Structures are given as C-alpha cells and as structure tokens.
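Right, one structure below, let's go through it.
The values are calculated or read from the model by the stated rules, or taken from the named source; none is laboratory data. Note that the structure is a prediction, hence the values are computed from the model and not measured. Because the Cβ atoms are built from the backbone with ideal geometry, glycine has one as well, and the counts that use them run over all protein chains shown. Only protein heavy atoms, including side chains, enter the accessible area calculation; ligands, DNA and RNA are left aside. Shrake-Rupley method; radii C 1.70, N 1.55, O 1.52, S 1.80 Å.
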Amino acid sequence: MSEFVSGRHFLQTPGPTNLPERVLRAMDRNAINHRGPEFGALGREVIEKLRHVFQTAGIIGIFPASGTGAWESALVNTLAPGDRILISRTGQFSHLWEQMARRLGLDVATLETDWRRGADAAAMQGVLDQDREHRIKAVCAVHSETSTSCMTDIPAVRAAIDRASHPALLFVDAISSLGCADYRHDEWGVDVTIAGTQKGLMVPPGLSFTAISEKALAAARGGGSARSYWDWAPLVTANQTGFFPYTPAINLLFALNEALTMLAEEGLPTVFARHARYAHATRLAAAAWGLELQCADPAAYAPGVTAIRTPDGHSADRLRDVILERFNMSLGNGLGRLDDRVFRIGHMGDLGVLTFTGTLTGVEMGLRAAGIPHREGGVQAAMNFLAGEGTAA
Ligand SMILES: *Cc1c(COP(=O)(O)O)cnc(C)c1O
C-alpha cells in the first residue's frame, strides 16, 4: 500500500466518531485562563446545554477522563467496599464495569444474558424482591451496549426497582446513547447517568460526565469510598460558578460547547429520528445481504451502532482489514466473547446521508472483496428506504 491515500478516511467506529468541521474550528484556538471570567461563562453555558441533552435540572459533573473514569466516579462516590450491587452483563461494557466494581472491593451480583438483548427487568426485580434486607445498594445498567448494539429499557428497570419497593440507586451508562436516543435522566428516575464525548456528542475523546440525582448526592455526602480526584463535593459549587477545582480540558470544552449548540440547532427529536433512520437502513442492508444481526430482539435495536455477525467460519476481523486496506474505512471490531465474530457499523454522531450510504457501500464491497458469502443489494435496500420520507420502524 502506498503511504498516501486520497480522500477522507471513513471513521465508522461506534466511538470515536467523526468530528464536524464546526467542532474542529471551535477548538483550534489558544487556551484561556481557566480562572478568568471568560472561562466561568463557558463552564456555565456548557453545563446548561448538557442539562438539555441529559434532560435533567440537576448537577452534572464533567471530568477530563474517558467514560471509564465517570464509571469510577459513580461507584466511589456512592458505594463503599463490601457494598453489594446488581449488574446485568449484557455485553463487554457491562462486563468491564462489573470488573471495575470488583476491583474497587464491591460485592457484585451479576445477571447473565446471551449478549443478544437488553437487560431483563423482570429478572432484576426477582433479585431485588429476594433482597429483603436491602443489601443491594445500586443497580447498574448499560443503556446502549455498544458491543452488541442492544438497548436496555431504562424505564422498565426503574419500574422493576419500584415494584420491588427497593431503595437501591440506579446507575445508567448512556455513553453511546446520549445524543443518539431519547434519554430522560430526571423523568426516568435515574440516580447517576454516565456519558462521554466521543460517541453521539461529536467531540474528541477525553471528557466524561455524570448527571447526579439528589438521592445520589446525599449518598455521596454520607459515605462512599476513599476518593479525591473523583470526589463530587466540589461539583455543586462548580455547576453554579462554571469553574473547576483543577485545570479543565479547556479546548475540549470549546469543542463540546459548539457540538451542543449544533445538537440544539438540529433539535433533539430530529437528531434521534436521523439516528433511527440510519439504524433501520443498516438493518435493511444486513437483511438483504443475508447476514444476521447480533441483536436478536427487535425491540432492543440500538440507534447508533449495528453489530453484524459474519457467517460461521468467516473472520469478521479479516473483513475489517480488507475494508480498511482497500476502502480506507474503519469499522468497530467484536469485543470480548464476540471477538472476530461481529463487525460493528457506527452510524452515530455527525453523519450525512451520503457519508452513511458510502459507509454501507464500503461494507458491501468489502464483503465481496473478502469472499464472505452474502447476497447483493444491501446498499440498494438502504437507498430505497432513505430516498423515501419514511420513518424508521
Ligand atoms: C465506549 C463505551 C465505554 C467506555 O468508554 P471509554 O471512553 O472508552 O472509557 C463504556 N460504555 C459504553 C456503553 C461505551 O460505548
């Protein structure tokens, strides 16, 4: 392969996602004094715009960290070693969160799934019903399991906790759903929502968020684990002043501010409908190719990513290698137990319809070039749908 490849690289991984020109321009400037008045106004503006996306009126923490850091902040502020939590292992990300909880000394009860659907709220309720002494302090759910492209129904999990009359906190990882799917922190009664910049929010990796309920703040005030950098105590003041207790990631905040403006300009309902349309078109393409989706529950299809299985005996990683080398496009790989079994098409964040159809074209050419058994016509099926005005099923 020659060193130079003409044309823009297609970054169709489910995070990091493509950065809009406006976001790139917004961060391409000198840093500012993070103790000066201009910064305070920026901090307050970003918090206010984030509230709109999380659909919360409450406190939002911003950490210069990947999403993994925000996971840790949720756990260490509210839980102490030995505390019991319940987590449904719906895929690799819930698995990693569970592993972190164990390393932090928490006692983790795990509900297994086949990684082809969301968490089973009824099964969660069963565990909570049994827990008469209320030893379980928190229930963790991943809204969009990026590794499997399956959604968990968060209102159903909330209802399960309520039906069990259980006081456990509800933690939700919305890292790959925020900005892609409707998400209502306050209305759904979530205690801590975790998100990051590099998926639906169209910002480079490096910032993560925690939206925090009054109940979770109270739990943090009264206990939690030893912590320092991740401590939520300064957040209440920080949300009012817009200042941080350390040097914030100033230029990423410039980028975030612009991206949040773009989301508001497009309008969240339009943003969600666009994601639903691309996800639907991707599934039409997969069906036409004769390839199986990893998500086996149509009610749980994710809007921002689609994991597609390659036929038995055909390496998904080789397919991705061929697509990268021949067509200059990156796709997501299979994670954990799905290693080499699926490829994941990211269709979240900043994505025009022609870039999206180009993505599917790259996949269809890749299937042919890699010799993966499939039928032609996936791109055509997607185009037929997208040319119409139809909304996604
Ligand atoms: C990407 C992702 C993570 C991990 O976030 P990092 O920013 O890589 O630390 C966790 N959960 C979900 C659902 C994700 O999609």
Relative contact order for region 23-151: what percent, with Cα pairs under 8 Å and sequence separation of 6 or more? 23
Could you tell me which residue out of Ala122, Gly179, Val236 lies farthest along the dipole of region 21-264 toward its positive end? Charges go on the beta carbon: Lys and Arg +1, Asp and Glu -1, centred on the Cα centre. Val236
Which lysines have a Cα lying under 18 Å from the Cα of Lys49, excluding residues fewer than 8 positions away in the same chain? Lys199
For Lys137, what accessible surface area do you get with a 1.4 Å probe? Give it in Å², rounded to 10. 90
Putting +1 on Lys and Arg Cβ atoms and -1 on Asp and Glu Cβ atoms, find which of Val379, Met365, Val322 reaches farthest to the positive end of the dipole of region 289-390. Val322
For region 21-264, the accessible surface attributable to carbon and sulfur atoms (probe 1.4 angstrom, ligands and nucleic acids excluded) amounts in percent to 52
Where does helix 121-130 land angle-wise versus the long Cα axis of the chain, in degrees 0 to 90, nearest 10? 30
DSSP bridge pairs, the chain: antiparallel proportion in percent, nearest 5: 50
Quick check: pseudo-label points 7 Å beyond the Cα along Cα→Cβ at Glu214 and Arg135, how many nm apart are they? 3.2
Return the distance in nm (one decimal) between the two label points of a simple spin-label model at Glu45 and Glu376, each offset 7 Å from Cα along Cα→Cβ. 5.2
In whole angstrom, largest first, the equivalent ellipsoid semi-axes that the Cα gyration tensor gives for the chain are 34, 27, 18
The Kirkwood hydrodynamic radius of region 141-261, taken as the inverse of the mean 1/r over all distinct Cα pairs, in Å, comes to 15.9
Here the FRET efficiency for Tyr246 versus Leu24, based on Cβ atoms and R0 = 30 Å and rounded to 0.05, is 0.70
For a label point 7 Å along the Cα-to-beta-carbon line of Asp186, residues of region 151-172 with backbone N under 20 Å: 154-156, 158-159, 170-172
Using a Förster radius of 25 Å, what is the FRET efficiency between Ser315 and Leu354 based on their Cβ-Cβ separation? Nearest 0.05, please. 0.25
Computed over the chain, protein heavy atoms only, probe 1.4 angstrom, the accessible area per residue in square angstrom equals 40
